[in-house]
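One structure is given here, and the rest of the page talks about it.
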């Protein structure tokens, strides 16, 4: 089946029509309106430098229910020791930049180019995109960012410059989301790292039903 080619119209094909690898559509733009429309349907952008914008809706979908996060004894001990200070939305642009920078330093590619940084920066200014920062002795050493819509947090990327820093950020995020009534964290692609933290796969149809239901009403973002 040929890929859906997007134009300037604010519309996506149903996510169930994605290719087996999750690729759904190509083209369009990264406007706030299109990004919000995409997330409300369980669709997200992900592409390499030099490529057109690619839109994805993988099935099954890796998700983490906030109450189900698995905290190992070692990680729990590190959290109790208070080595890290965790905050939210204090350094959004820096967290996004670090998520890209650390991948490049490790010789990996990154989809977080200038256009992506600007697009999510606009969503942050609108109150939709959020970051969680993990600092040690005042220095940013880990964190994550994503988009909060309704009662779903759509995770985008995370980074660590010290062991377990991003895990600590995720544990704090899950605790806050659970306390404020969020239903799930979308982890997008399946990774062993996130599965060890309690993430699990949901069939695509179930995931899309949950997203459609849980993104209707706004939930608070409290930290």
**Message:** Out of everything in the range 128-141 that is over 20 Å from residue 112 (Cα atoms) and assigned to a loop (DSSP other than H, G, I, E, B), what residue ends up being nearest to the chain's Cα centre (by Cα)?
**Reply:** 138
**Prompt:** Regarding residue 144, is this residue surrounded by 15 or more Cβ atoms within 10 Å (Cβ to Cβ), within 16 Å of the chain's Cα centre (by Cα) and in a helix (DSSP H, G or I)?
**Reply:** no
**Request:** Go through the range 138-154 residue by residue and tally those that are under 24 Å from residue 104 (Cα atoms), touching a strand residue (DSSP E or B) at 6+ places or on another chain (Cβ under 7 Å) and free of Cβ contacts under 8 Å to residues at least 60 places away in the same chain.
**Result:** 7
**Request:** Kindly indicate which of 36, 10 is under 23 Å from residue 125 (Cβ atoms), part of a loop (DSSP other than H, G, I, E, B) and not assigned by TED's automatic domain parsing to the domain that holds residue 116.
**Result:** 10
**Prompt:** Can you list the helices (runs of 4 or more DSSP H) found entirely within the range 50-127 that contain at least 2 residues being modelled with pLDDT of 95 or more, surrounded by 11 or more Cβ atoms within 10 Å (Cβ to Cβ) and in contact with a helix residue (DSSP H, G or I) (Cβ under 6 Å, 6 or more places away or on another chain)?
**Reply:** 92-105, 114-125
**Matching residues, the range 183-213, being under 17 Å from residue 41 (Cα atoms) and surrounded by 18 or more Cβ atoms within 10 Å (Cβ to Cβ)** = 183, 184, 185, 186, 187, 188, 202, 204, 207, 208, 210, 211
**Asked** How do the pairs read when you match residues in the range 48-72 that are assigned by TED's automatic domain parsing to the domain that holds residue 194 and free of Cβ contacts under 8 Å to residues at least 12 places away in the same chain with residues anywhere that are in a strand (DSSP E or B) and surrounded by fewer than 21 Cβ atoms within 10 Å (Cβ to Cβ), using Cβ under 8 Å and keeping only pairs 6 or more apart or on different chains?
**Response** none
**Request:** Being surrounded by 15 or more Cβ atoms within 10 Å (Cβ to Cβ) and either in contact with a helix residue (DSSP H, G or I) (Cβ under 7 Å, 6 or more places away or on another chain) or within 17 Å of residue 207 (Cα to Cα) (or both) is the filter here, so list the residues in the range 8-35 that pass it.
**Result:** 12, 13, 15, 18, 22, 23, 24, 28, 30, 32, 35
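The values are calculated or read from the model by the stated rules, or taken from the named source; none is laboratory data. These numbers come from a predicted model, not from an experiment. Using ideal geometry, Cβ is built from the backbone for each residue, glycine included, and neighbour counts are taken over all protein chains shown.
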